[in-house]
Amino acid sequence: MPRIAVADDLGSWLSLRPELGAGLAALSEAVYSQSRLTPRIHELARMRIALANECEVCRRARYAPGSDTGLDAAFYEHVADWRRWPGYSVREKLAAEYAAGLAHDHLRLRDDADFWQRLHRHYSDGEIADLAICCALWLGAGRTMRVLDLGQSCTLTLERGAMAVV
């Protein structure tokens, strides 16, 4: 049950402060339509944060079927075991490591010189900024939705360039 007096869906709460809600909606649109990260990198980072946030809507969200992205059942089955599963590339695992570090211990992540060396070997500064902005949205919005107990029973289908609530 929502902690504020709005419909239990993904967006009604934003109407309480439309001036601010428009900004969050614009950031979400940018993350899903302007990110240059591959769909697998994007989705593995998003799912790591979804697990950390314990946000049900985020944990159940999937990209629309039929897309040629490699986001199959095995991809999702191993998100919690991302370090050991050989089905993720080095770049994907680095994105998961960044997302998990941001969600669980951001100060350790900041100070982890080994991680930053590895990340810079595989990502440009622009790609790191892209990943950081995406993760900022997922961490903040996902935790907010979970704390306010909003939309936790909604099903979200993701599409590159747009999102659809089902």
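No lab work stands behind these numbers, since they all come straight from the coordinates. Just so you know, these numbers come straight off a predicted model, no measurement behind them. No Cβ is skipped: glycine too gets one built from the backbone with ideal geometry, and neighbour counts run over all protein chains shown.
Per-structure values
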{"read-out": "Yes/no for L94 being without any contact (Cβ under 8 Å) to a residue 40 or more places away in the chain, touching a helix residue (DSSP H, G or I) at 6+ places or on another chain (Cβ under 6 Å) and buried (at least 18 other Cβ atoms within 10 Å of the Cβ)", "value": "yes"}
{"read-out": "Matching residues in region 17-40 - criterion: being polar (S, T, N, Q) and not in a helix (DSSP H, G or I)", "value": "S35, T38"}
{"read-out": "The listed residue being within 19 Å of H104 (Cβ to Cβ) and either touching a residue at least 40 places away in the same chain (Cβ under 8 Å) or surrounded by 13 or more Cβ atoms within 10 Å (Cβ to Cβ) (or both), out of Y32, Y76, Y88", "value": "Y88"}
{"read-out": "Number of positions in region 99-157 that are among the acidic types (D, E) and touching a residue at least 12 places away in the same chain (Cβ under 8 Å)", "value": "3"}
{"read-out": "Helices (runs of 4 or more DSSP H) contained entirely in region 82-166, each with at least 2 residues that are closer than 19 Å to V31 by Cα and within 16 Å of the chain's Cα centre (by Cα)", "value": "90-104, 125-147"}
